[in-house]
Amino acid sequence: MSELILENVKLKIGEKELLKNVNLTVKDKDFYVFLGPSGCGKTTTLRVIAGLMKETSGKITIDGEDISNLPPNKRQMSLVFQDYALYPHKTVFENISFPLRIAHKSIQEIREKVKEVSSFLSIEPILGKKPSSISGGERQRVAIARALIKEPKILLMDEPLSNLDAKLRDVVRFELKRIHRESGITTIYVTHDQLEAMTLGTNMAVMNSGEIVQTGSPMDIFENPKNTLVASFIGSPPMNIFSEIKESGIVHIENVTSIGIRPRAISTSKPKSMENTVKFKAKVNGINILGNEALVQGDLMGEHIYFYIYRNEFSSITEGKYADLYVDMNMIYLFDENKELKGRMANTETEQIQE
Amino acid sequence: MSNKPKNLLWYIALGIVCIFVLFPIYLILIVAISPPSDIFRPNPALIPSSITLSRFYIVLYQYNFARHLYISLEAAFMVSGICMGLGIPAAYTISRMPKKASYLVIIFLFITQMIPEIQIGVPIARTIIGLGLEDTALGVAIAQSSIALPMITYILVGAFRSVPTRLSESARIDGATKLEAFLKVDLPLSLTGIYVGVILAWLFSWDEFVLASIISPLNETVPVLIYANITRGIGGIPAADAFSIILMVPVIALVLILQKYLRSNIMAGALK
């Protein structure tokens, strides 16, 4: 069991409020993702959890034990840094075994553990090499091995994939999922990439300017984003948000200032029944053909709208012309003047809909 | 590291630099071994007509040379030791300070460097004599360290700054105390800079004349002995040159011993 709780954690440096009021609970065996734009405080939160930065106020507990005042070496956590931070003067073997050596474990035990963890990550052949003579992907594995070997209560990862090339990133993402599944270790993972957050996380916290905006499972947040910020951060391409619907006069709903539609919810084929369906006319700016489908950019209500069309619809759409778009009312998100989610269109009194 | 010379020009440039550096040393060498008829005339010979080792004999046997050499070596190693013992902790602290605060401390460090040595030498000498350390290697070493330490500390600050704080943070999370993180990560990774500091501190003391001559006038270090020899000694200038040749030997030995540690790519592979 290792359950981590942050209570009212605040961090102020000079006049700058880096963390405003962070409350969160990471359950045992969670893969908990902090997601947010750069500078939102997600890495800072991680460093506070690790003990590398001291919070101004608040409380951090593991399994009910207050660790707020423990130095980093007593917190029984591991951290995989974004740039790996391998010890360049030590071999891979010495790097991986460092946490055990520091803990004065026996040579016998060190050998066994290194063997175990290096076969788990398939890095046995490079154990004798220095970090300077192995590849970026291998350095990543070594950093993870060093983090796993001391069997930490919590494994912290700070954007571990951002220094890998796109192809390798896909491989390592699946690898991380396997590592978490097989080791069952409670993990906190910081990223700005919504794809990593969606695919890896069992739970996540979306952060912005030093605050947690929303917590929940990735699908939960995808389905019910709390506000337009979360809505436009999750999903790729992001949700289409129209913030000037009043001025455009196309849709009018009481207390609703913005609507959002996910690109995948838009269809160009007329459904069998028009019940619960809204029809828009959008000018097509450009079409990016991706193979079996194409990403289309159009103009609607003075803003860009992105949607996908399938191969059989390619001929029905022309750049520069208008296209009919059909959206299920249940897939239209309504936001109030504070940009908070109000609900879906199907569940709301709709006063007037114009084409 | 594989900067292969590509053409003749490169060799010519290298040759000019070598001549520039080595010619004075060559002159010292031939003056030390040439007969007087070759030297004391207009247009002295560049190639000696015969070789005499009598000056080396004078140096080694007339002056109780071993004793002076011992004092010089003692002082030089003590200066290295003092500069490392005080400089390493000071420099590490400065290197991990906020930038602005560290600038202030560094400016403060150089105050002794801003005053001419001969001027600050008197109060320093007074203090050393007050401690009863006149005419001892330790007295010389303490005085020389007061001048060398700021410079050595500054070099060490640069060495420690080149080690990313990320690495000691990583060591802390891996379970190391602050001291262990310093000893096992920061220190080994700063060795190049530390060796440079050792050599420079050592050389500073080995060459230093002003403070040594004030504090230890009876137990002279070798540079002071050379000076005394030129002004009033036996053998005159040729013997002084023989001194200089002998003075060079330990320096060359020290640099040769430490040169394999003077690598510049020690940080490769740490990050990314």
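Just so you know, all these numbers are worked out from the coordinates, no wet-lab data involved. Values in this document were obtained by computation on a predicted structure and should not be read as measured data. Positions of Cβ are backbone-derived with ideal geometry, glycine not excepted, and every protein chain shown enters the neighbour counts.
Results, tabulated for the structure shown:
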read-out	value
C-alpha center-to-center spacing [the range A:207-277, the range A:97-134] in angstrom	48 Å
Count of Lys pairs (Cα-Cα under 29 Å; at least 8 positions apart or interchain) in the range A:222-301	12
The range B:39-65 and the range A:2-26: distance between their alpha carbon centers, rounded to Å	78 Å
Prolate/oblate/rounded call for the range A:193-241, Cα gyration tensor, a/c under 1.5 rounded	rounded
Per-pair calculated FRET efficiency, R0 = 22 Å: B:Val21 and B:Ala66 via Cβ, rounded to 0.05	0.15
Residue of A:Ile241, A:Ile49, A:Ile102 that the Gaussian network model of chain A assigns the largest fluctuation, springs spanning Cα pairs under 10 Å	A:Ile102
Kirkwood-based shape ratio for the range A:7-83, expressed as Rg/Rh from alpha carbons	0.93
Vicinal HN-Hα couplings computed from phi for the range A:210-221 (Karplus, 6.51 cos²θ - 1.76 cosθ + 1.60; Hz; Gly/Pro x)	x, 10, 8, 8, 7, 10, x, 6, x, 5, 4, 5
Helical mean residue ellipticity (222 nm; -39500 (n - 2.57) per DSSP H run of 4+; nearest 500) of chain A	-7000 deg cm²/dmol
Amide H partners (placed H, <5 Å) of A:Gly210, local residues excluded	A:Gly41
Translational D in µm²/s for the protein assembly as shown (Stokes-Einstein at 25 °C, 0.890 mPa s, Kirkwood Rh from C-alpha pairs)	79 µm²/s
Listed residues B:Leu133, B:Leu46, B:Leu225, most fluctuating in chain B (Gaussian network, C-alpha, under 10 Å)	B:Leu46
Taking the range B:1-52 and dividing mean pair separation by its residue count, relative contact order in percent (alpha carbons under 8 Å, at least six apart)	27 percent
Chain B: Lys pairs at Cα distance under 26 angstrom, eight or more positions apart or on different chains	9
Integer Hz, Karplus 6.51/-1.76/1.60 couplings in order for the range A:89-99, x for Gly and Pro	8, 10, 6, 4, 4, 5, 4, 5, 7, 3, x
Spatial separation of Cα centroids for the range B:240-257 and the range B:151-184, in angstrom	35 Å
Dipole magnitude of the protein assembly as shown about its Cα centre (Cβ charges: Lys, Arg +1; Asp, Glu -1), debye to nearest 20	1440 debye
Approximate spin-label separation A:Asn224-B:Glu117, in nm, with each point projected 7 Å along Cα-to-Cβ	7.9 nm
The range A:59-218 - convex hull of alpha carbons, volume per residue in Å³	137 Å³
Degrees between helix A:166-183 axis and first principal axis of chain A (Cα, 0 to 90, nearest 10)	60 degrees
Rough spin-label spacing in nm, given labels placed 7 Å along Cα→Cβ, for A:Glu116 and A:Asp28	1.9 nm
Residue-count net charge about B:Phe160 - beta-carbon cut-off 11 Å; Lys, Arg +1, Asp, Glu -1	+1
Fluctuation leader among A:Met77, A:Met198, A:Met274 - chain A, Gaussian network, Cα springs under 10 angstrom	A:Met274
Above-threshold pairs, the threshold being 22 Å between Cα atoms, out of A:Lys54/A:Lys74; A:Lys29/A:Lys150; A:Lys42/A:Lys342; A:Lys130/A:Lys153; A:Lys90/A:Lys115; A:Lys27/A:Lys150	A:Lys42/A:Lys342; A:Lys130/A:Lys153
Amide hydrogen neighbours beyond the local backbone of A:Thr257, cut-off 5 Å, H modeled	A:Phe335, A:Asp336, A:Glu337
Chain A - Rg and Dmax from Cα coordinates, angstrom	24.4, 76
Local net charge near B:Ser244, Cβ-Cβ under 14 Å (Lys/Arg +1, Asp/Glu -1)	-1
Of the DSSP H helices in chain B, those whose Cα atoms cover at least 18 Å axially and whose Kyte score averages -1.0 or more	B:8-33, B:65-95, B:117-130, B:137-161, B:191-207, B:236-259
The range B:8-109 shape via C-alpha gyration tensor axes, a/c threshold 1.5	oblate
Separation of the B:Leu138 and A:Ala346 label points, Cα + 7 Å toward Cβ, nm	9.1 nm
For A:81-93, mean number of other protein chain Cβ atoms within 10 Å	6
C-alpha long axis of helix A:107-120 to longest principal axis of chain A, angle in °	20 degrees
Efficiency of FRET from Cβ geometry, A:Lys54 and B:Val251, R₀ 51 Å, rounded to 0.05	0.55
Hz values of 3J(HN,Hα) by residue in the range A:64-69 - Karplus curve (6.51, -1.76, 1.60), Gly and Pro given as x	x, 8, 6, 10, 3, 9
Tilt relative to chain A, helix A:136-148 - C-alpha long axis, 0 to 90 degrees, to 10	70 degrees
Convex hull of the range B:1-52 built on C-alpha atoms - directionally averaged projected area, nm²	5.3 nm²
